[in-house]
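Please read the structure below before turning to the comments.
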Amino acid sequence: MKFSHKVFHLDKDIEREHLYKSINDYIGQYSSELDSPTIEISCREHLDNFYNTSDVRFLNTGYEFNSETGWRFGELGIWASNIAAYKKFLETDSDCLILIEDDIEYMPGFFDNLLYYMSQLPNDWDAFFYYAPDNGSHNVSQEFLTIEPDKINICKTYQDWSCLCYIINRNTAKRILDDVVNPINLPLDYYFFRQPDKYNSYTVKPTSKLYCRIANMKSTFQHKQKREVLS
């Protein structure tokens with residue numbers, strides 16, 4: 001299986017530079033880095049610049065979260081960056097694309113166990129999320145422990161957020177790009193996790209070991225940007 005990868009990072013996020021370099025150097029031993037941008041959208045001007053060079057559009061009203069409606073601009077930048085990576089990935093001859101955020105901390109055995117966990121995926125898998133924030137939680141429904149018992153370490157996704165590290169195949173990239181000809185109305189993580197009938201997504205079982213986690217630092221947009229309807 002041949003891999004490409006992209007670690008999303010903005011130069012301004014200097015507090016994450018060491019994490020970005022560490023994972024990018026590590027994963028580069030096993031995968032080819034994509035020459036695709038990390039796109040910053042943190043204001044209306046940035047969004048207009050993106051619209052001027054892309055056919056992708058976001059539904060102005062966005063979505064509802066905690067009784068607030070709209071978008072945080074950073075959510076749009078995540079989408080734009082991932083879409084750029086999907087397109088560049090399809091220009092390669094790689095089978096799978098690894099997409100990683102720059103606030104990741106990884107453990108020894110990260111790639112070897114990624115391969116091991118992925119070897120348990122069914123033939124019709126669309127996405128594999130190598131990190132689940134709720135992993136190990138006693139509140140996870142028992143169905144996720146027993147579903148497909150032949151799958152030792154993986155199960156259908158049960159988390160509701162985080163695209164810290166996920167993998168898609170060529171068919172999935174094509175399907176997403178075909179889908180986003182329509183205005184996007186959900187952030188990227190919700191797009192997968194709240195539409196389980198659209199994509200066959202898997203993750204690490206709550207009883208299995210995680211080989212990556214989110215570093216203990218604030219999100220670059222969740223704590224700094226206001227949710228608002230686009231005009």
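The values are calculated or read from the model by the stated rules, or taken from the named source; none is laboratory data. These figures come from a predicted structure and were not determined experimentally. Because the Cβ atoms are built from the backbone with ideal geometry, glycine has one as well, and the counts that use them run over all protein chains shown. Accessible surface is based on the protein model in full, side chains and every heavy atom, while ligands, DNA and RNA are left aside. Shrake-Rupley method; radii C 1.70, N 1.55, O 1.52, S 1.80 Å.
Is there a residue in region 57-69 that is of a type in the set (Lys, Arg), open to solvent by 20 Å² or more (accessible area, probe 1.4 Å) and under 17 Å from the mean Cα position of the chain (by Cα)?
Looking through region 57-69, none of the residues is of a type in the set (Lys, Arg), open to solvent by 20 Å² or more (accessible area, probe 1.4 Å) and under 17 Å from the mean Cα position of the chain (by Cα).
Of the residues that make up region 19-33, is at least one part of a loop (DSSP other than H, G, I, E, B), under 17 Å from Lys87 (Cβ atoms), open to solvent by less than 50 Å² (accessible area, probe 1.4 Å) and out of contact with any Phe, Trp or Tyr (no Cβ under 6 Å at 6 or more places or on another chain)?
no
If a residue must be open to solvent by less than 30 Å² (accessible area, probe 1.4 Å) and at pLDDT 75 or above, how many such residues does region 212-224 contain?
Counting residues in region 212-224 that are open to solvent by less than 30 Å² (accessible area, probe 1.4 Å) and at pLDDT 75 or above gives 2.
Answer with yes or no whether Gln195 is among the polar types (S, T, N, Q) and either open to solvent by 70 Å² or more (accessible area, probe 1.4 Å) or closer than 25 Å to Ser42 by Cβ (or both).
no
I want to confirm something. Restricting to region 72-101 and keeping residues that are over 28 Å from Asn60 (Cα atoms) and part of a loop (DSSP other than H, G, I, E, B), which single residue is least open to solvent (accessible area, probe 1.4 Å)?
Once the filter is applied, the top-ranked residue is Ser94.
Is it true that some residue in region 132-148 is aromatic (Phe, Trp, Tyr), outside any loop (DSSP other than H, G, I, E, B), buried (at least 16 other Cβ atoms within 10 Å of the Cβ) and at pLDDT 90 or above?
Scanning region 132-148 turns up no residue that is aromatic (Phe, Trp, Tyr), outside any loop (DSSP other than H, G, I, E, B), buried (at least 16 other Cβ atoms within 10 Å of the Cβ) and at pLDDT 90 or above.
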